[in-house]
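Reviewing the structure listed below.
The values are calculated or read from the model by the stated rules, or taken from the named source; none is laboratory data. Keep in mind that what you see is a predicted model, and the values were worked out from it rather than measured. Methodologically, a virtual Cβ is constructed for each residue, glycine included, from the backbone with ideal geometry; neighbour enumeration extends over all protein chains shown.
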């Protein structure tokens, strides 16, 4: 896959999962940082794609979404990313 194709597929994975959860009546869903573990997708990029996909979905739907990170690198990146998001508001 090309980097653009990988990003598109990852975004689509989140969007499809959120759409399915909504169709099943879910009010809350939690995701790991998809593809950033065994598949080796760079964590910073995976976090950015997850954020965009979740943000795009939540602009049109009401749901609680939790992004779960499992290792120190992902936690540190998430903290930096959350600071950036807060600054945007």
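For segment 30-49, which residues satisfy the criterion of being touching a strand residue (DSSP E or B) at 6+ places or on another chain (Cβ under 6 Å) and surrounded by 12 or more Cβ atoms within 10 Å (Cβ to Cβ)? Don't jump to the end; show me each part of the working.
Filtering segment 30-49 down to residues touching a strand residue (DSSP E or B) at 6+ places or on another chain (Cβ under 6 Å) leaves 30-32.
31, 32 - these are the residues of segment 30-49 that are touching a strand residue (DSSP E or B) at 6+ places or on another chain (Cβ under 6 Å) and surrounded by 12 or more Cβ atoms within 10 Å (Cβ to Cβ).
Among the numbered criteria (1) surrounded by fewer than 11 Cβ atoms within 10 Å (Cβ to Cβ); (2) in contact with a helix residue (DSSP H, G or I) (Cβ under 7 Å, 6 or more places away or on another chain), which one does residue 64 miss?
Every listed condition holds for residue 64 apart from (2).
Identify, please: which residue in segment 27-56 is out of contact with any helix residue (DSSP H, G or I) (no Cβ under 8 Å at 6 or more places or on another chain) and in contact (Cβ under 8 Å) with a residue 24 or more places away in the chain and is, among those, nearest to residue 11 (Cα to Cα)?
Residues of segment 27-56 that are out of contact with any helix residue (DSSP H, G or I) (no Cβ under 8 Å at 6 or more places or on another chain), as a first pass: 27-28, 30, 32, 37-40, 42, 55.
Add one more test, that the residue is in contact (Cβ under 8 Å) with a residue 24 or more places away in the chain, and what stays is 27-28, 30, 32, 37.
Working: 27: 20, 28: 19, 30: 15, 32: 14, 37: 16 Å.
Residue satisfying both the conditions and the ranking: 32.
Can you say whether residue 14 is at negative phi and out of contact with any strand residue (DSSP E or B) (no Cβ under 8 Å at 6 or more places or on another chain), as far as the supplied structure shows?
So residue 14 fails the test.
Which residue pairs have Cβ atoms closer than 7 Å, lie 6 or more positions apart in sequence or on different chains, and pair a first residue in segment 59-81 that is closer than 17 Å to residue 14 by Cβ with a second residue that is in a helix (DSSP H, G or I) and modelled with pLDDT under 90?
Hits for this filter: 69/75; 69/78.
Of the conditions (1) exposed (fewer than 14 other Cβ atoms within 10 Å of the Cβ); (2) touching a helix residue (DSSP H, G or I) at 6+ places or on another chain (Cβ under 9 Å), residue 72 fails just one. Which one is it?
Condition (2) is where residue 72 drops out.
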